[in-house]
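Nothing in this text is a laboratory measurement; each read-out follows from the coordinates by a stated rule. If you're wondering where the values come from, they're calculated on a predicted model, not measured in any experiment. Ideal geometry is used to build each Cβ from the backbone, glycine not excepted, and the neighbour counts take in all protein chains shown.
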Amino acid sequence: MAVVAVSAGIACGGSAAQPTQSEAGPTVPEPQERRAPVKVPESTFNVLAADGASDLVREFIRDGLLDFSEYEQGVLAHVKCMEDYGWTSSPGYPRLAPWGQYQVEFEGYIAEDREARGASLADLYRWEAECAALYWGGLSRIWDVSHSPTEAEEQKARYAVGSCLQEAGVETRQQSAREFFNLFMDEMTAGANVGPWIECIRSAEEQYFTSGTGIAIGP
């Protein structure tokens, strides 16, 4: 099982008490309300070209605008690139978050499949980097700037994680993403059982498309 911790988000208040459900955030808008096109500066085209973006992605942004249909095509091209190299998408992925952002996840590469291809671990890293450069990296950076969860949505998920941890017997009163992140890292460093964290974060991500904690749990 892979566990990957990423940078925590901005802290959102220091109250020690858990928020009430009504404070945890408003109802998430319908997806159609949050798929607005993104304006792309001319300079971005040159940056993506230098980074190895595919002709497909560069053509999408040539007119200075990236719309949802183009973004979706790029995401599916990335998934196909990965699957052509032998990865398998995790069940339910790619999936579209309510704020118009696609999320991708792949199952761990099976050693037998890698050996059957005569591939080394270095090959896997190279293939993954190639697909990301061609389709995913630049495209997601452009889109995610204006199609990411709001702080209210992050807090709603964070509330769910905190409540889940308390029910599992893990004492935590941390409220911000950074505090959750730091506590999780402390637990890992100390060799504590982080099983409840993994389950609670995955549960929140399944329901809210984010955990709000700045922690990502791999497949």
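Summarising the label geometry, the points placed 7 Å from Cα in the beta-carbon direction at Ala190 and Ala122 lie 4.1 nm from one another. Taking the Cα centre of segment 36-144 as reference, the dipole from Cβ charges on Lys and Arg (+1) and Asp and Glu (-1) amounts to some 220 debye. Local charge for Val38 was computed over the other residues whose Cβ lies under 11 Å away, with Lys and Arg +1 and Asp and Glu -1, and equals 0.
Could you tally the net charge around Phe180, taking each other residue with its Cβ under 12 Å from the Cβ of Phe180, Lys/Arg +1 and Asp/Glu -1? Intermediate values should be presented prior to the final figure.
Details: positive: Arg158, Arg173, Arg178; negative: Glu154, Glu179, Asp186, Glu187.
Summing Lys/Arg as +1 and Asp/Glu as -1 gives -1.
If the segment from Ala111 to Glu167 were pulled out straight at 0.36 nm per residue, it would be longer than the present Cα-Cα gap by 16.4 nm. Local charge sum around Glu107 (other residues, Cβ-Cβ under 11 Å, Lys/Arg +1, Asp/Glu -1)? Summing Lys and Arg as +1 and Asp and Glu as -1 gives -3. When only alpha carbons of segment 36-144 are considered, Rg and Dmax amount to 14.9, 45 Å.
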